[in-house]
Amino acid sequence: MFNLKKLSMLLHIAGACFACSSFAQKSSLSPDLYNAATVPDSLKENANSVVRYYNKEILVKSPGKAIIKEHVIKTILNEKDESEGQYYIFYSKKFSSVGEAEMRVYDSKGTLLKKYKKSDFYDHSAADGVSIISDSRVMALGHSIVNYPVTIEKIEEITYDSFLDLQDWDIQNKEESVEKAFCKVAFKPEAGFRYNLKNIKISPQKTREGDYEVYSWEVKGLKAIKPEEGSEDWTYLPRISFATNTINFDGYNGDMTTWNGFGLWQKQLNNEVSVLPEKRVEEIRKMVEGIVSDKDKAKFLYEYLQKNFRYVSIQLGIGGLKPFPASFVDEKKYGDCKALTNYMYTLLKAVNIPSYYAIVRAGENEEPADPKFVNDPFNHIILCIPFKGDTTWLECTSNTKEFGKLGPFTENRNALIVTEDGGKLVNTPVSNIADHLFDSESIIKINTDGTASAQLKIKSSGGYRDMLIGLSYSKVDDRKKSLLSYLNLKQPDIFELKDLKDENGFKEVELDLEYEKLSDMAAGGKYFYRPRLFDLWRLTTPVLEKRKTDYFFEHPMLKKNATTITLPSDLEVESLPTDTSFKFSYGSYSVKYTYDKEKNEVKTTAQFELNKHVIPAAKYNEMQAFMDNIAKSMSKKLVLKKKA
């Protein structure tokens, strides 16, 4: 499936010209819209750009055909929105065509500087770097903005010949104000029409134009929204999602009024793609001979998939939605998320283990599907195995993910499973602190001349394991730089990085460090050291009078550290930092210090827990104070002195 929602929509629709609605002609628009001096002062606050005029028109001619037009005039106030000088129009060779594409650039006074026509666009494949072949296309052009403010006008018209749902009306982007914007949807009654409001309350004006029912919306004077740190766009930006009740995608008809109907439609696409030759089925059955439980058989086959097949995306025809046959994957030893998931489904079917093809919105903290509004917000496929009392989920595109673990990419949301009876929206697993462990042990030896050697061992799971595995594909020097930055380690003079074992869902690494000088400072015969090699937690957040949006971390987590510092024979402890313990509604932090005078060793144990990765806005101030207290605790020094 496409990684971008827009691309999945853009695999869609052809028709004739707009029958019952048309853009306002440029001549009918006020020249003031192009003059930056006419932007109201009230719309400049917190804004990097101002939408002067935005008109979106959607004509649904039938359950499988639509035309979408967009006309936007936007004044760019500063370089933070310089990307507005880029224009991308996505479409599909088979399912859509671009009728009109134009961009105009005006100076601060509204004088036309440059006009780009459709022929000026660079039209090329929209392959995303992992797709080896794709029907998806993008028309692109770029204008280098020299002076600000500048006004850019963009016009496009795309005809679609197949679609699952209509595009969203993204009313406003972050740090962008809106002077006036309009949206109009005209549709044939037999297609049906639904819409869903997000972060806005606005009612449409309903009219009729010939054979079409028409819904129209209008907004004016929307002030720019400055995002709060740690927020997600989908929790606060206003938009309206659109969908028809019936669909026809490449001849596949479907009822989109229920999730069950959506699942039945997907089931049509999956028919006859989960079959392998009988000889191959027998080979698969022999592979699991002697394995007793179904779960152990599934684990064996999943690991077989990981060792012998690789992820490659292919987007041809309806291939953006329909899996390639299991026989294709079996022969080629590769496939995309649809193909690999379907292949795993087929392997399990060969040994009589039922499973479900599951469609999900992937990405850390991505917006889950709305149970009350049936549409297609999805971009990824995973597999669900309904073992009795122990539902198991598999990420079939990963060669490193442990059996039964999804991770932040698809946890904590919902997925549409495709059953024999249709679709059912179910929750994916909710991660907890045990799923994301960062357990570390540090051994430090300080020598009499002030030099020091240190060893740091890290054992990780979940998101931390993914991070370390991801780093393993980088050059050694780049890995070292990343770890130094992430851990906030003092720059060592010698740094050796060792990969240790990776098994049973835990990845281990070792850092061996040498320092010419480890102390932070010395004064009056006293030496000041950090009581540990790295900061177990160092995030702080700003004080806010009233938080409006939830705060998102990547995942829940459990971070632990045990540090032993062996002191030189001529030094002893003058003072240890104070033991501390802090809690808030969704987490805790504690640290303890001990000094063994006989061994001349200082030991530190610290633990940080975050039990929930989404912190409600109402709990933000409590979290903010908690993080500040940790930062203050982490700044405390170990003070050593010369022995008498």
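Just so you know, all these numbers are worked out from the coordinates, no wet-lab data involved. From a predicted model like this one, the values you see are computed outputs, not experimental measurements. A quick note on method: Cβ atoms are made from the backbone with ideal geometry, for glycine too, and the neighbour counts reach across all protein chains shown.
Hey, got the Cα dimensions of region 519-620 along the principal axes, in Å, largest first?
55, 26, 19
For the chain, compute the orientation-averaged projected area of the C-alpha convex hull (one quarter of its surface), in nm².
Result: 34.4 nm².
What number comes out for the charge environment of LEU406, summing +1 per Lys or Arg and -1 per Asp or Glu over other residues with Cβ under 14 Å away?
My count for the surroundings of LEU406 gives -3.
With the cut-off at 27 Å, report for region 186-343 the share of all Cα pairs above it, as a whole percent. Before the final figure, lay out each step's value.
Details: 6637 of 12403 pairs.
That tail contains 54 percent of the Cα-Cα pairs.
Relative contact order for the chain using alpha-carbon pairs under 8 Å, separation at least 6, rounded to a whole percent?
Taking the mean separation of contacting Cα pairs over the length of the chain, I get 11 percent.
What's the ranking of 377-383, 299-305, 142-148 by average number of surrounding C-beta atoms within 10 Å, highest first?
377-383, 299-305, 142-148
What number in nm² do you get for region 434-642 if you take the convex hull of its Cα atoms and divide its surface by four? Working shown, then result.
Working: hull surface 50.9 nm².
Orientation-averaged projected area of the Cα hull: 12.7 nm².
Based on the mean of other Cβ atoms within 10 Å per residue, sort peptides 190-200, 481-491, 462-472 so the most packed one is first.
Highest mean packing first, the order is 462-472, 190-200, 481-491.
Size of the dipole of the chain about the Cα centre, Lys and Arg at +1 and Asp and Glu at -1 on the beta carbon, nothing else charged, in debye to 20? It would help to have the intermediate numbers written out before the result.
Details: 91 positive and 91 negative charges, 124 e Å.
Roughly 600 debye, rounded to the nearest 20.
Quick one: net charge of THR451's neighbours, Cβ under 10 Å, K/R +1, D/E -1?
With Lys, Arg at +1 and Asp, Glu at -1, the net is -2.
Which one, ASN379, PHE506, ILE433, is farthest towards the positive end of the dipole of the chain when Lys and Arg carry +1 and Asp and Glu -1 on their Cβ?
ILE433
Pairing the Cα long axis of helix 278-287 with the longest principal axis of the chain, what angle in degrees results, from 0 to 90 and rounded to the nearest 10?
20 degrees
Given charges of +1 on the Cβ of Lys and Arg and -1 on the Cβ of Asp and Glu, with all other atoms neutral, how large is the dipole of region 244-393 about its Cα centre, in debye to the nearest 20?
380 debye
Taking the Cα-to-Cβ direction at ASP120 and at LYS174 and moving 7 Å from each Cα, how far apart do the two end points lie in nm?
Spacing of the two 7 Å Cα→Cβ label points: 3.1 nm.
Using a 10 Å cut-off around each Cβ, can you sort SER92, SER355 from fewest to most neighbouring Cβ atoms?
Placing the least packed residue first, the sequence is SER355, SER92.
Once a ≥ b ≥ c are taken as the square roots of the eigenvalues of the Cα gyration tensor of region 8-252, is the result rounded (a/c under 1.5), prolate (a/b larger than b/c) or oblate (a/b not larger than b/c)? Kindly include the intermediate steps, with their values, before the conclusion.
Numbers: a/c = 1.56, a/b = 1.31, b/c = 1.19.
Prolate shape, in that a/c is at least 1.5 and a/b is the bigger ratio.
Take LYS61, LYS109 and order them by how many other Cβ atoms sit within 10 Å, fewest up front.
LYS109, LYS61
Taking the dipole about the Cα centre of region 259-427, with the C-beta of Lys and Arg at +1 and of Asp and Glu at -1, give me whichever of PHE328, ALA362, PHE409 is farthest to the positive side.
Value computed over the given set: PHE328.
Can you give me the Cα centroid spacing of region 68-123 and region 389-405 in angstrom?
43 Å
Work through the residues other than ASN488 whose Cβ is under 11 Å from its Cβ and net out their charges, Lys, Arg +1 and Asp, Glu -1.
In short, +3.
In what sequence do MET344, MET287, MET521 fall when counting other Cβ within 10 Å, fewest first?
Details: MET344 27, MET287 16, MET521 9.
Ranked by crowding around the Cβ, least crowded first: MET521, MET287, MET344.
Restricting the count to DSSP beta bridges whose residues both fall in the chain, what percent are antiparallel, rounded to a multiple of 5?
Counting only bridges with both partners in the chain, antiparallel ones make up about 85 percent.
Filter LYS405/LYS619; LYS517/LYS642; LYS297/LYS388; LYS201/LYS223; LYS299/LYS388; LYS297/LYS322 down to the pairs with a C-alpha to C-alpha distance above 21 Å, please. Walk me through the numbers before you get to the answer.
Working: LYS405/LYS619 29 Å; LYS517/LYS642 17 Å; LYS297/LYS388 15 Å; LYS201/LYS223 15 Å; LYS299/LYS388 16 Å; LYS297/LYS322 27 Å.
Listed pairs above 21 Å: LYS405/LYS619; LYS297/LYS322.
Which angle from 0 to 90°, rounded to the nearest 10, does the C-alpha axis of helix 476-487 make with the longest principal axis of the chain?
The angle comes out at about 80 degrees.
Along the positive direction of the dipole of the chain (beta-carbon charges: Lys, Arg +1; Asp, Glu -1; about the Cα centre), which of GLY221, TYR302, GLY261 reaches farthest?
Of the listed residues, the answer is GLY221.
Along Cα→Cβ, 7 Å out, is where each label goes; now give me the distance between the ones at GLU601 and LYS643 in nm to one decimal.
Placing both labels 7 Å along Cα→Cβ, they lie 1.7 nm apart.
List the equivalent ellipsoid semi-axes of region 268-362 in whole Å, largest first, each obtained as the square root of 5λ for an eigenvalue λ of the Cα gyration tensor.
In descending order the semi-axes read 23, 14, 13 Å.
Among the listed pairs LYS93/LYS114; LYS174/LYS424; LYS188/LYS372; LYS338/LYS481, which have their C-alpha atoms separated by more than 31 angstrom in this model?
Among LYS93/LYS114; LYS174/LYS424; LYS188/LYS372; LYS338/LYS481, the Cα-Cα distance tops 31 Å for LYS174/LYS424; LYS338/LYS481.
By how many degrees, between 0 and 90 and to the nearest 10, does the Cα long axis of helix 294-308 differ from the longest principal axis of the chain?
Once rounded, one gets 80 degrees.
Which of the three applies to region 259-427, rounded, prolate or oblate, going by the alpha-carbon gyration tensor with a ≥ b ≥ c and a/c under 1.5 meaning rounded?
prolate
Counting only helical runs of four or more DSSP H residues, what would the 222 nm mean residue ellipticity of the chain come to if each run contributes -39,500 (n - 2.57) and the total is spread over all its residues?
-4500 deg cm²/dmol
Please report the relative contact order for region 125-250, taking Cα pairs under 8 Å with a sequence separation of at least 6, and give it as a percent rounded to a whole number.
Over region 125-250, the number comes to 34 percent.
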